[in-house]
1. Please go through (1) of a type in the set (Val, Ile, Thr); (2) assigned to a loop (DSSP other than H, G, I, E, B); (3) modelled with pLDDT under 95 for Val238 and return the number of the only condition it doesn't satisfy.
2. Please enumerate the residues belonging to segment 155-179 that are farther than 16 Å from Arg128 by Cα and among the aliphatic types (A, V, I, L, M).
3. Anything in segment 210-241 that is of a type in the set (Asp, Glu) and surrounded by 21 or more Cβ atoms within 10 Å (Cβ to Cβ)? List them, or say none.
4. Specify which of the listed residues (Ala257, Ala284) is farther than 15 Å from Leu330 by Cβ and either in contact (Cβ under 8 Å) with a residue 40 or more places away in the chain or surrounded by fewer than 21 Cβ atoms within 10 Å (Cβ to Cβ) (or both).
5. Return only the number of the condition from (1) over 20 Å from Arg82 (Cβ atoms); (2) surrounded by fewer than 24 Cβ atoms within 10 Å (Cβ to Cβ); (3) of a type outside the set (Phe, Trp, Tyr); (4) in contact (Cβ under 8 Å) with a residue 24 or more places away in the chain that Gly135 does not satisfy.
6. Out of Leu105, Leu75, I need the residue that is assigned by the TED database to the domain that holds Ala163 and assigned to a loop (DSSP other than H, G, I, E, B). Which one?
7. Please note which strands (runs of 3 or more DSSP E) are completely contained in segment 331-398 and include at least 3 residues that are in contact with a strand residue (DSSP E or B) (Cβ under 8 Å, 6 or more places away or on another chain) and either of a type in the set (Val, Ile, Thr) or buried (at least 21 other Cβ atoms within 10 Å of the Cβ) (or both).
8. Does segment 353-371 include one or more residues that are over 30 Å from Leu294 (Cβ atoms), modelled with pLDDT under 95 and not assigned by the TED database to the domain that holds Tyr273?
Amino acid sequence: PLLHLYAAHVIVRLLQIAASFSSASCSIMNVFQDAVCTLNTLQTNASALEQVKRERGHPELQLQAMRGFLQRAGLKVDELDRLNIIHVTGTKGKGSTCAFTEQILRNYGFRTGFYSSPHLVQVRERIRINGQPIGKELFTKYFWQVYCRLEETKDAHGGSMPAYFRFLTILAFHIFLQEKVDLAVFEVGIGGAYDCTNIIRRPWVCGISSLGIDHTSILGDTIEKIAWQKGGIFKPGVPAFTVKQPDGPKKVLQERAEEIGCSLSVCPDLEEYQSEGSLRLGLAGHHQRSNASLALQLSHTWLQRHFLTGFSGVSPAPAFQPSPAMIKGLAETEWPGRNQTLKHGPVTYFLDGAHTTRSMQACVRWFNEIAPQHERNAGGPVVRVLLFNATGERDCGAMLKLLVPCFFDFAVFCPNITEAIATCNADQQNFNVSVENMLTRCLDNQQSWRVLNGQEEKPEAELLIGGGLALVAERHRDTLVFPCILSALQWISQGRDSVLSDPNKCVIPVKPSINAKAALLREAVNIHVLITGSLHLVGGALKHLDPALNS
């Protein structure tokens, strides 16, 4: 009896401990969500928005403001030198280049920091240590440390608080310093010269990936003007590398390097590296080869400086024998949402966050290479579906025109809203644009697609979604607009994706007449879905398609 009594006591105690852990877990989650919700207020902070407007005419003020915010957060610019930074910019491929570089150096055993944008599912993805998003407890702890310091000093500075991206950049600096990383890879936000990451004084090496036209209202309307902005991250005596560029921007980058006083080398083709057999890349797409070459040069130069004393910024040889750690790093690199394929039974998703015409060209090339491989193994009819959205000043018409030759059976458009029914999803809230504006943009994209395909507009509009959700019209059997990503995915998959059919997921009602149009999807052996046009769209889709990213 005493033994039984003791066993019962132990069981009760274990249950109490489990309950306390559960309570602590809920508490951590609540505090974390409070931090993210507070962070989101910086998206629409009135004084911050007014400040950004003022600075557009005087971009140099952006770096002055950043220095002030950094000081108010308790950091000094010269402290950032301790982070041994690799600084990377470009129009497309800069994130992939950073991912390759970080993976290579992590394979050498270094403790790495990695700052990138945007996030796909959770804001913590932007700040990574050893390849993993910063944990919720650490994010919350460091968030409030930085936020409270800025909040306490705002009255003495006209009530100003840093905008969303600036705050996250300061937070990344703080976290990497506190966590004592051996090196930090920083991806530029927009441009380079006046981007808030360019407060970095002494990076160890700089890189510029492929250049193209993007963010013209901020960076300029020619590729040469954009190249000037990107070259602004060069620093005196710090070696810099770029991939092969058109003659115009290449000349501008060379002039910037001479003006600033640094060496600039153009990376060789990946095939030129002295390797036994071809180098295998963990990221799909032919365009990743130039990103991988740039990453090899960046990591090689960083290692030279780390292991050799007296390094003076002399460029390494154009091509070299990659070490086993480098080869392994290239092969193991993962970067979700970029040329990513997810197979869920009969439904295969091809995800790529292409959002410029040049990156869309690369996306189409990748899709046209990989989709036929899957179709040959299908053993029956395959339906192709495009799920598209684009934001900001993007040239949607030009991107959609590139997608027309892919021969989609359905073109589906939706805003970057994960679910029409409100849930606790602070990580993906965007207060800078209204839902009405987003839906109007989708309807415009739908009409552009119809024009590009030579389809005449029906005079009447029919609501797709039941239950009182307005502003969603259907004008042709193969083009549809949905109010959120989940409703679009559920209609496309037609209950054939077990992940989307999870009973815990809310099923958004669709009118019977619209479900009737999906007979082709229900009868096909396989459904192939290309999700593109926006990294935010891809991130919202991955939230539903890859539940592990939510944890």
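The values are calculated or read from the model by the stated rules, or taken from the named source; none is laboratory data. No experiment lies behind these values; they were computed from the predicted model shown. Cβ coordinates were reconstructed from backbone atoms using ideal geometry, including for glycine residues, and neighbour counts include every protein chain displayed. Remember, those area values only see protein heavy atoms, side chains included, never the ligands or the DNA or RNA. Shrake-Rupley method; radii C 1.70, N 1.55, O 1.52, S 1.80 Å.
1. Here Val238 clears every test but (3).
2. Ala156, Met161, Ala163
3. So in segment 210-241, the residues of a type in the set (Asp, Glu) come out as 214, 221, 224.
The one that is of a type in the set (Asp, Glu) and surrounded by 21 or more Cβ atoms within 10 Å (Cβ to Cβ): Asp214.
4. Details: Ala284 fails: farther than 15 Å from Leu330 by Cβ.
Checking each option against the conditions leaves just Ala257.
5. (4)
6. On the way: Leu105 fails: assigned to a loop (DSSP other than H, G, I, E, B).
After applying the criteria, what remains is Leu75.
7. Values: elements: 340-344, 347-352, 382-388.
In segment 331-398, 347-352, 382-388 are the strands (runs of 3 or more DSSP E) which contain 3 or more residues that are in contact with a strand residue (DSSP E or B) (Cβ under 8 Å, 6 or more places away or on another chain) and either of a type in the set (Val, Ile, Thr) or buried (at least 21 other Cβ atoms within 10 Å of the Cβ) (or both).
8. We begin by selecting, within segment 353-371, every residue over 30 Å from Leu294 (Cβ atoms); these are none.
No: segment 353-371 contains no residue that is over 30 Å from Leu294 (Cβ atoms), modelled with pLDDT under 95 and not assigned by the TED database to the domain that holds Tyr273.
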